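The values are calculated or read from the model by the stated rules, or taken from the named source; none is laboratory data. Fair warning: this is a prediction, and the values are worked out from it, not measured in the lab. Don't worry about glycine lacking a Cβ; one is built from the backbone with ideal geometry, like all the others, and counts go over all protein chains shown.
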Ligand code: BG6
């Protein structure tokens with residue numbers, strides 16, 4: 001006979017919700033001071049500060065915590081606290097606005113240094129502030145430096161940290177780590193130069209290179225899908241997979257980042273990092289353990305199995321585009337060349353697509369198609385694994401197309417997994433039609449995924465490098481795209497602009513692959 005046990009009356013509805021089974025609170029981070037270089041900038045106010053505040057409200061920040069802003073804009077400590085409050089009023093998630101006792105207790109641990117990144121004296125002042133924080137807030141001499149500045153000043157800051165004895169070797173009582181925002185260099189050569197600077201001051205285990213896509217919950221789930229289930233792995237290879245498409249499309253344009261984007265373009269901005277990291281998660285072998293380096297070794301092996309294209313092959317394996325004026329959400333929007341900070345004859349691509357091959361036993365002969373672009377019809381990031389067609393047709397009227405099975409890993413805006421399969425349409429005839437089995441995280445777990453930066457900041461404070469990129473893989477990712485960058489930079493595309501804002505992208509993209517999944 002089945003016995004039932006009544007839940008204790010104190011158990012709240014949240015905890016008994018079966019959808020939430022297995023969702024635990026995160027481990028509390030180590031006590032530390034976190035220093036944001038570039039704390040008056042956009043990234044800090046929109047992403048980093050709200051993430052820190054959310055970690056505080058969710059009880060994940062340690063009791064011993066202090067935050068130091070370090071940037072050019074002039075602020076006193078009190079003005080900085082006011083600034084942070086006003087930004088949180090705007091950018092913190094609903095229901096988590098700064099107020100009451102929680103905020104009153106949090107505000108004093110915020111402080112600010114108005115700084116010139118070239119002045120050693122300002123870094124010495126920072127060291128003093130961090131020592132004071134250890135005493136006042138119990139931050140245990142642990143220091144997390146976060147570079148949220150334009151990349152051009154990364155090397156200068158790293159060098160100053162060494163000169164001001166803020167490097168890990170000078171900190172005998174606690175840990176010193178550095179978080180480096182993307183882009184890590186603007187090409188192979190500059191990334192190697194930056195790495196040389198980093199290595200002079202930090203060991204690889206102190207370096208946390210951010211690729212915020214790795215912090216997105218559905219991206220982390222790619223490994224769970226593959227390695228916490230048995231049914232996918234046997235068919236996850238060249239014998240069953242026809243092709244893989246990875247798309248990261250955006251509806252927005254370049255916003256106010258014209259001067260950055262002109263020197264970046266879609267290939268550097270999205271493909272070299274976010275999209276290639278998605279490819280690595282789809283293509284990697286099962287790691288022997290869930291240790292950070294066991295996983296990162298497998299990603300590295302994927303990149304080492306991709307031969308960079310020969311210069312002569314670049315045009316055949318790639319497509320580029322640049323948006324012209326168009327209509328987005330019913331509104332007229334300007335073309336890329338009309339955006340602020342963009343040259344009137346700009347050759348920068350706002351759309352990039354590549355066909356990549358992975359030369360190993362599992363994937364030989366399976367094309368991986370990658371695409372990313374601004375001002376496309378929709379904001380969507382997804383991975384589509386298309387399986388081979390059936391070998392022999394038994395069902396369906398002659399006019400029915402029998403589509404191959406397809407697994408769609410939906411990263412955003414929807415988060416979930418969908419499987420396309422063929423089913424008999426009810427009725428006397430034997431019509432066959434595609435249907436989807438569709439799983440959504442929101443309904444599956446009754447839980448909204450936390451923003452990527454929250455997870456990544458907490459991991460850096462805990463010393464978990466799993467979701468951060470390792471130098472050897474970053475270098476290979478630059479090697480893979482280097483010939484494409486080279487050819488594109490040296491060959492002006494006279495067809496630009498070649499797609500309208502708000503469209504499916506340029507015709508050249510469809511020449512590379514005619515059946516991209518529609519945006
Ligand atoms: C950033 C790029 O890394 O990613 C931006 O620099 C892009 O150009 C952004 O808009 C996209 O991120 P998400 O999380 O909105 O897909």
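Being modelled with pLDDT under 95 and either within 16 Å of the ligand (Cβ to nearest atom) or farther than 18 Å from residue 156 by Cα (or both) is the requirement here; does residue 185 meet it? So residue 185 fits the description; yes. Within the stretch 324-336, no residue that is under 21 Å from residue 264 (Cβ atoms) sits with its Cβ atom under 8 Å from a residue that is part of a strand (DSSP E or B) and modelled with pLDDT under 95 at 6+ positions apart or across chains.
When only residues in the stretch 401-417 that are touching a strand residue (DSSP E or B) at 6+ places or on another chain (Cβ under 7 Å) and farther than 16 Å from residue 217 by Cα count, which is surrounded by the most Cβ atoms within 10 Å (Cβ to Cβ)? Going through the qualifying residues, I end up with 407. Residue 147 meets the stated requirement of being within 16 Å of the ligand (Cβ to nearest atom) and modelled with pLDDT of 95 or more.
Applying the condition of being part of a loop (DSSP other than H, G, I, E, B) and within 12 Å of the ligand (Cβ to nearest atom) to the stretch 363-377 and asking which residue is farthest from the chain's Cα centre (by Cα) yields 375.
With respect to (1) farther than 20 Å from residue 293 by Cβ; (2) touching a residue at least 60 places away in the same chain (Cβ under 8 Å); (3) away from the ligand (no atom under 16 Å from the Cβ), the lone exception for residue 204 is condition (1). So which residues in the stretch 486-509 are surrounded by 19 or more Cβ atoms within 10 Å (Cβ to Cβ) and either free of Cβ contacts under 8 Å to residues at least 12 places away in the same chain or within 27 Å of residue 358 (Cβ to Cβ) (or both)? The answer is 488, 505, 506, 509. The set of residues from the stretch 250-293 being within 14 Å of the chain's Cα centre (by Cα), more than 12 Å from the ligand (Cβ to nearest atom) and within 18 Å of residue 373 (Cβ to Cβ) comprises 276, 279.
When the stretch 49-65 is filtered for residues that are over 15 Å from residue 81 (Cα atoms) and part of a helix (DSSP H, G or I), the ones remaining, listed by number, are 51, 54, 55, 56, 57. Filtering the stretch 346-361 down to residues that are farther than 21 Å from residue 306 by Cβ and in contact with a helix residue (DSSP H, G or I) (Cβ under 6 Å, 6 or more places away or on another chain), which residue is surrounded by the fewest Cβ atoms within 10 Å (Cβ to Cβ)? In this case the residue turns out to be 346.
For the criterion of being assigned to a helix (DSSP H, G or I) and in contact (Cβ under 8 Å) with a residue 24 or more places away in the chain, residue 165 fails.
All conditions but one from (1) closer than 24 Å to residue 515 by Cα; (2) more than 16 Å from the ligand (Cβ to nearest atom); (3) touching a strand residue (DSSP E or B) at 6+ places or on another chain (Cβ under 7 Å) apply to residue 236; the one that does not is (3).
Residue selection: residue 174 fails the criterion of being surrounded by fewer than 16 Cβ atoms within 10 Å (Cβ to Cβ) and either at negative phi or touching a residue at least 40 places away in the same chain (Cβ under 8 Å) (or both).
Restricted to the stretch 239-249, and to residues there that are within 30 Å of residue 500 (Cα to Cα) and more than 16 Å from the ligand (Cβ to nearest atom), the residue that is surrounded by the fewest Cβ atoms within 10 Å (Cβ to Cβ) is 243.
Note on the stretch 349-362: residues that are away from the ligand (no atom under 16 Å from the Cβ) and either in contact with a strand residue (DSSP E or B) (Cβ under 6 Å, 6 or more places away or on another chain) or farther than 19 Å from residue 239 by Cβ (or both) total 4. Please verify whether residue 517 is over 23 Å from residue 211 (Cβ atoms), in a loop (DSSP other than H, G, I, E, B) and touching a strand residue (DSSP E or B) at 6+ places or on another chain (Cβ under 7 Å), treating the condition exactly as stated. Judged against the criteria, residue 517 is a match. Among the residues of the stretch 297-310, none qualifies, meaning not one is in a strand (DSSP E or B), within 25 Å of the chain's Cα centre (by Cα) and either touching a residue at least 60 places away in the same chain (Cβ under 8 Å) or surrounded by fewer than 17 Cβ atoms within 10 Å (Cβ to Cβ) (or both). Here residue 121 fulfils each of the conditions (1) within 24 Å of residue 155 (Cα to Cα); (2) surrounded by fewer than 17 Cβ atoms within 10 Å (Cβ to Cβ); (3) touching a residue at least 12 places away in the same chain (Cβ under 8 Å) apart from (3).
Of all the criteria given as (1) in contact with a helix residue (DSSP H, G or I) (Cβ under 7 Å, 6 or more places away or on another chain); (2) over 20 Å from residue 449 (Cβ atoms), the one not satisfied by residue 404 is (1).
Only one of these is touching a helix residue (DSSP H, G or I) at 6+ places or on another chain (Cβ under 9 Å) and farther than 30 Å from residue 343 by Cα: 485, 467. Name it. Result of the check over 485, 467: 467.
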